[in-house]
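Here is the structure we will look at.
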Amino acid sequence: RPVLFLHTLVTYPDHHRRGAGAMIMRHILEKADQLSLDTYLESPEPGRHLYQQFSFKLVIEKEFNLEEYGGTAIDLITIMTRSSTK
């Protein structure tokens with residue numbers, strides 16, 4: 001069945017912690033609900049709190065060792081889902 005997958009959602013740093021991300025999420029989820037689509041996303045740890053505010057639930061957490069890809073840290077990615085309200 002069709003679903004909505006949010007791939008990349010970012011806000012300009014000058015707008016962090018000022019409601020821009022929440023405004024974007026409200027718009028997207030309103031459309032998802034109109035279409036009766038469940039929504040899925042992958043989120044880095046800092047974004048998880050925002051998505052939980054919009055009823056997203058944790059499905060799985062996965063650690064990625066970025067050193068394997070030329071990076072210098074461990075990144076924690078969360079897979080989350082939200083059921084349509086219709």
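The values are calculated or read from the model by the stated rules, or taken from the named source; none is laboratory data. Because the structure is a prediction, the values reported are computed rather than measured. With ideal geometry, Cβ positions are generated from the backbone for all residues, glycine too; neighbour counts draw on all protein chains shown. SASA here: full protein model, heavy atoms, side chains in, ligands and nucleic acids out. Shrake-Rupley method; radii C 1.70, N 1.55, O 1.52, S 1.80 Å.
Here are some notes:
- Test for Glu67: is it free of Cβ contacts under 8 Å to residues at least 12 places away in the same chain, exposed (fewer than 13 other Cβ atoms within 10 Å of the Cβ), more than 14 Å from the chain's Cα centre (by Cα) and within 18 Å of Thr85 (Cα to Cα): no
- For segment 24-57, a residue qualifies if it is in contact with a helix residue (DSSP H, G or I) (Cβ under 8 Å, 6 or more places away or on another chain) and more than 17 Å from His7 (Cβ to Cβ), and exactly one does: Gln53.
- Of Leu9, Leu29, all but one fail to be touching a Leu at 6+ places or on another chain (Cβ under 9 Å), surrounded by 12 or more Cβ atoms within 10 Å (Cβ to Cβ) and part of a loop (DSSP other than H, G, I, E, B); the exception is Leu9.
- Test: Ile60 is over 21 Å from Met23 (Cα atoms), touching a strand residue (DSSP E or B) at 6+ places or on another chain (Cβ under 6 Å), aliphatic (A, V, I, L, M) and loosely packed, with under 12 Cβ neighbours inside 10 Å: yes
- Within segment 32-48, considering residues that are closer than 17 Å to Ser83 by Cα and outside any strand (DSSP E or B), the one least open to solvent (accessible area, probe 1.4 Å): Ala32
- Any chance Arg17 is under 14 Å from Ser83 (Cβ atoms), at pLDDT below 85 and not in a strand (DSSP E or B): no
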